[in-house]
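We did not get these values from a lab; they are worked out from the coordinates using the rules stated. Because the structure is predicted, anything quoted here is derived from the model rather than measured. Here the Cβ positions follow ideal geometry from the backbone for every residue, glycine too, while neighbour counts run over all protein chains shown.
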Amino acid sequence: MGEKTELGKKGEDIACEYLLKKGYEIKERNWRFKNAEIDIIAFDRKELVIVEVKTRSAVIYEEPRDSITPQKIKFLVNAAEEYIYETDFNGETRFDVISIKWFGKNKYELEHYPEAFFPPVD
């Protein structure tokens with residue numbers, strides 16, 4: 001496993017742990033649809049939460065959440081629509097971002113952005 005992939009997995013593990021402590025119910029991890037992957041699908045009470053986790057080494061100057069492009073948002077929304085269809089979910093959905101700056105040796109800074117973006121209107 002590459003260093004970047006390993007850091008991403010570590011970030012997703014940290015994000016899941018954080019969400020569980022906040023009372024979320026994790027339904028899926030790394031759920032795939034076509035060319036998109038949803039890092040975490042969870043429930044916050046009755047609300048479906050699609051979570052994109054962005055982990056970056058602290059030496060990179062870009063904020064992790066800033067790496068989410070309009071194209072990435074479109075892929076996430078399409079994948080979320082498919083998940084909703086497949087599971088016959090009928091309720092509120094939101095898109096969150098968890099941003100993790102990794103300093104090494106289990107030192108990190110986590111920021112959670114509920115409702116980080118809304119699906120674009122085509």
When the chain is fully extended, how far beyond the present Cα-Cα distance does Asn78 get from Lys22, taking 0.36 nm per residue of separation?
17.5 nm
At 222 nm, what value in deg cm²/dmol follows for the chain if DSSP H runs of at least 4 each add -39500 (n - 2.57) and the sum is divided by all its residues, to the nearest 500?
-10500 deg cm²/dmol
Most exposed first, judged by fewest Cβ atoms within 10 angstrom, Lys101, Lys34, Lys27 run Lys34, Lys27, Lys101
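How many times 2.2 N^0.38 Å is the alpha carbon radius of gyration of region 26-120?
1.11
Among DSSP beta bridges lying fully in region 3-117, give the percent that are antiparallel, nearest 5.
Antiparallel: roughly 65 percent of the beta bridges in region 3-117.
Give a quick list of GluC sites (Glu not before Pro) in region 80-114 that DSSP marks as loop, anything other than H, G, I, E or B, with at most 16 other Cβ atoms within 10 Å. Don't skip to the answer; put the middle values down first.
Values: sites: Glu81, Glu82, Glu86, Glu92, Glu109, Glu111; in loops: Glu92.
Those satisfying the criteria are Glu92.
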Here the relative contact order (percent) of the chain, from C-alpha pairs under 8 Å and at least 6 apart, is 22 percent
